[in-house]
Structures are given as C-alpha cells and as structure tokens.
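Let me begin by presenting the structure, written as structure tokens, before commenting on it.
The values are calculated or read from the model by the stated rules, or taken from the named source; none is laboratory data. Note that the coordinates shown come from a computational prediction; the quantities given were computed from them, not determined experimentally. Positions of Cβ are generated from backbone atoms using ideal geometry, with glycine treated the same way; all protein chains shown enter the neighbour counts. Each accessible area value is taken on the protein alone, full model and side chains, heavy atoms only, with ligands, DNA and RNA left out. Shrake-Rupley method; radii C 1.70, N 1.55, O 1.52, S 1.80 Å.
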Amino acid sequence: MKLCRVWPLIVAALILTTLIATAAAGENPASSQDWRVPTAMRKLKNGLTVIVSEDHSAPTFGLCITYGIGFRLEPEGRTGFAHLFEHMMFEGTPEAPKGVFDRVVEGGGGWNNGDTRFDFTEYIETALVSALDPVLWLEADRMKALDFSPQNLDNQRQVVEEEVRVNVLNQPYGSFYWLDLPQKAFNRFPNAHNSYGDFKDLDSATIQDVKDFFRLYYAPNNAVLAISGDLKPDEVFERVERFFGPIPARPVPPIPDVSEPPQGTERRFTEQDKLSRVPALAIGYRMPSRTSHDAVVAAVVGELLHNGEASRLYQALVKQKKVALRVSGGVNWPLGNAFEYNGPTLMTSMVVYPANVKESAVVSAYDAVMDSLAERASPTSELERIRAKMRSDWYSELEVPVSRASALAHATLFDGNPLRVNEIPNELTRVTSDDIKSFARKYLVAANRTIINRVPGSGERNAEQGCGGHAGAGRRGAR
C-alpha cells in the first residue's frame, strides 16, 4: 500500500528465496529470524508518544504522525469528517499558508501525503535527513492551529464530494465491495455508517464544527509520531521535544463502543448498477479480534484464498469451473493490510462473473472452496509458500523508512507497543493446517457472512448512498 520501489522488491525477493530454501530443508523459518526492527520510545509530558527506529542504510528519514481518529471513530452527525479533516490539514496555518508545506518538503528532496482509514488518520513525509527540522516544525505547526477559513472549508468540502462522484457514483460497481458491504454486514453506527460522508452532513458543516473536531481529535495526547532513518534516537527525541513539547494536551473523547452483536444468520442483498456490464458479488465474513491468534490465521487464509492466480478462489472459480472472470479480496481489504485495524472487520471477496452465469452457481462454487478449507488439510507446500510470501512482504514494508514509520505508529497507537511489528513474522510461521481448518469451520460459514449481488440495471445511486472513503481515502489517493 506504500510506495513501490525497486530496492524493497529486490530485498523481498532475496528474503523470499531464503525462506523457501529454509522451509524446503525442513527447518523452522522462525528459528532463522535474527533481524528485528530497532525501536526506542519516549512519551512527552503533553502525551505525544514518539518512536524512533535507527537505520543508517541511506541518509534519509521517513516520518509518520498518526492520530486516533478514523472513519469508525467520527461522531454521529459528522459522517465523513475524518476524511474531510485530513484534507483540511493541507490548507495551511496562520504561520505556514497553503502551499508552504509542499514547497518545503519537496524542496528538501522529499514528498508527503496523508490518508484516512477506519481507526486512524496518518500524515507521512520522507526526505533527506537535512530536512528533518523543517518537517518537524511544519507538523508541529499544524498540530497547533489551522487556517479555519470559510474558503478553505468550502474548497475541501467540494473536493471530498467530487471524490464521491468520481469514485462511487460514476464508477462501475461504485466500490460497493468495501463501501456498501460494511453498512450491511454490521449493526452499530461506528462500523456501519457512511464514512465517506453523507452530503447533508458535509454540506451542513460549519467553521465552528471544524474547529471543534480539531480541538477534540488533533491533540498531542491523541497522536503517535514515528521516525525511521539515518538518525540517533536521542537527537530525534531532543528535536521533537523542542518543536512539539510546548503544545498543550487537551481532553480527548473516549473511544466509542465498536463491538458488534453476533450475526446469527446470513444476510443477502441485490443492488442495481447502471454502469456495470456484468454482475459481481461482494462476500464478507466477520473476522475475529485483531489481538487473537485467529486473526493471524485469518490473514493467512485471506492470502490462500485471494493472492493472485495461484490462489484457491482464482483457480477454482476462474480457471476450473469458469463461473468467474476475476477474484480479489482479503482481510481488511482494500483499506490496508490484515494487521492494521482496531475493531470489527471483514474478510471480503469481490467476484466478477459472466452475465450468463447464475448467482447461485457462483456461490455454490465459492462454498465448495470454503468447504475444502474446513474439511481437508492444506498441503504443506502451499502453506509454506503463503507464509514465506507474507513474511517477505512484511519485511519489504519495513525496509522502506516511511513504511516502517507507519507500521510502528499504528502498532503503538493500537497496542502501546511498537515491537508488535517484530512479532508478526513468527506468528505467521506458527499458523498450521489444523488452525486453518478450525478457522474455516468457525468463521467461513454462511451464518457469519453478508452477500451483495451487484447486477447491471437502471438503478440510480444518489450521494446519500455513497459510503466509506476511496482506497486509502487520502489527499492524493491510494499509495
């Protein structure tokens, strides 16, 4: 989901080759893991948590500041505010007018971005280490105050509403597989509301509403700042204290109850789509708590089912039974990886199928794949391939400073511990074939799922039906 670069891909390929060779030799890959992300953590008096990961491979740094506000956490009557406010953060401040942030970062040889997810909003930058002080000043400056002008609010409100039109209302399928599906799969407002924003909520937003939102959620004690790069922790802590230390802590609203009652029965819906030429299914299963071992098993199962042309679903539905044209999906897909959520989430399958195939035939073929997971042991070679690839992908993410900073910030925001990023590879290795069978029997059952059948038709979708954000709902789109 982060930047694609040649070097991380080379590293990933080397790691993958090593892990496969180790597995083929009958060794436990976990026993050969001796590389761990170095971390140092400190909390300022105002509550800002700071993580530093020293990496001298290049004279650069990656920075991520993550705030504890996302789609799921925005209050009722303020749908879309988390995403709208992410845009507002780039509209300038009394000290650094609009455009200064980009010019300073890019002038230092770097780039910056921001995105909103279910449980956080993050802002990221990467540049040469010589640009660290200006970047820290800029981030601290917009944590203090923004340019809350009617012009800026109207401008960004229009930008967000145009995103709804472009990404939802005027696109085939309208991203229904992750915009509509959660609203139908979950019961409670945090998980089941229109987080892209109902137009009525966005249009009714006032400057005072925006100021209040900033005061409540953009406090230092509701944020984690992570920096990875060619820097010593002590010097980073000193600089962060200098720029962020004077910002006072503020009262932060308690996290809402995001728990869901058990589902109990399968939920099925049909939607019409005036822009699509062939039908598609969105199938979502409720997943276990992120902190459980079952959640790690879910991540592996998501890869087994959805990862490319070798995946179970692609082979069965597209290649063998020819009841589908394409299949994609995964856990927490496509709004991040299977480890960066902090509330109810889904394992989602998006299945596009031919017009001459019945929905029942697709679901029957799909269910046969789920049954095979529950009834038969996964071949050792298949399980080893998936685990090795997932470990390789995870290490590849951590090789890129800005991606490492992002992973550390999320882990700390959710668990208070950045070292979670070092635990994931070994947890993946411990997933067994028996774990997968048990998981399938418990979670991949009809009573735990929601299905939307999206069919070509003349039905109109209005703005009030749009939901969610776009993939990574961000100022510059998905990375």
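Scanning segment 165-222 for residues that are over 30 Å from Pro288 (Cβ atoms) and acidic (Asp, Glu) gives Asp198, Asp201, Asp203, Asp209, Asp212.
Picking from residues in segment 52-92 that are hydroxyl-bearing (Ser, Thr, Tyr) and open to solvent by less than 10 Å² (accessible area, probe 1.4 Å), the one that is farthest from Gln156 (Cα to Cα) is Ser53.
Restricting attention to segment 426-479 and to residues that are polar (S, T, N, Q) and modelled with pLDDT under 50, the residue that is farthest from the chain's Cα centre (by Cα) turns out to be Asn462.
Scanning segment 177-187 for residues that are of a type outside the set (S, T, N, Q) and surrounded by fewer than 22 Cβ atoms within 10 Å (Cβ to Cβ) yields one hit, Lys184. Out of Glu397, Glu384, one residue alone is under 16 Å from the mean Cα position of the chain (by Cα), surrounded by fewer than 20 Cβ atoms within 10 Å (Cβ to Cβ) and assigned to a helix (DSSP H, G or I). It is Glu397.
Just checking, which of Ala295, Ala280 is closer than 22 Å to Arg117 by Cα, hydrophobic (A, V, I, L, M, F, W, C) and touching a residue at least 40 places away in the same chain (Cβ under 8 Å)? It would help to see each step written out before you state the result.
On the way: Ala280 fails: closer than 22 Å to Arg117 by Cα.
None of the other options fit; the residue is Ala295.
In segment 221-258, the residue that is least open to solvent (accessible area, probe 1.4 Å) out of those that are over 24 Å from Ile124 (Cα atoms) and touching a Pro at 6+ places or on another chain (Cβ under 7 Å) is Val258. Filtered by the rule that a residue be at pLDDT 95 or above and over 30 Å from Asn332 (Cβ atoms), segment 107-133 gives Leu128, Val129, Ser130, Ala131, Leu132, Asp133.
Listed residues Leu132, Leu146; which is assigned to a helix (DSSP H, G or I), of a type outside the set (Asp, Glu) and closer than 30 Å to Asn46 by Cα? Break it down into steps so the answer makes sense when it comes.
Values: Leu146 fails: assigned to a helix (DSSP H, G or I).
So the residue among Leu132, Leu146 that is assigned to a helix (DSSP H, G or I), of a type outside the set (Asp, Glu) and closer than 30 Å to Asn46 by Cα is Leu132.
Restricting the search to segment 33-49, which residues are at pLDDT below 95 and either part of a strand (DSSP E or B) or polar (S, T, N, Q) (or both)?
The initial filter retains those residues of segment 33-49 that are at pLDDT below 95, namely 33-36.
Gln33, the sole residue that qualifies.
Arg142 meets all of the listed conditions (1) open to solvent by less than 20 Å² (accessible area, probe 1.4 Å); (2) of a type in the set (Lys, Arg); (3) in contact with a Gly (Cβ under 7 Å, 6 or more places away or on another chain) but one, namely (3). For segment 286-329, a residue qualifies if it is open to solvent by less than 10 Å² (accessible area, probe 1.4 Å), in contact with a Ser or Thr (Cβ under 7 Å, 6 or more places away or on another chain) and either of a type outside the set (A, V, I, L, M, F, W, C) or closer than 26 Å to Ile69 by Cβ (or both), and exactly one does: Ala295.
Given the condition of a type in the set (Val, Ile, Thr), open to solvent by 10 Å² or more (accessible area, probe 1.4 Å), farther than 21 Å from Leu428 by Cα and in a strand (DSSP E or B), answer yes or no: does some residue in segment 357-368 qualify? Looking for residues that are of a type in the set (Val, Ile, Thr), open to solvent by 10 Å² or more (accessible area, probe 1.4 Å), farther than 21 Å from Leu428 by Cα and in a strand (DSSP E or B), one finds none in segment 357-368, hence no.
Within segment 188-220, being open to solvent by 60 Å² or more (accessible area, probe 1.4 Å) and over 22 Å from the mean Cα position of the chain (by Cα) holds for Lys200, Asp203, Ser204, Thr206, Gln208, Lys211, Arg215.
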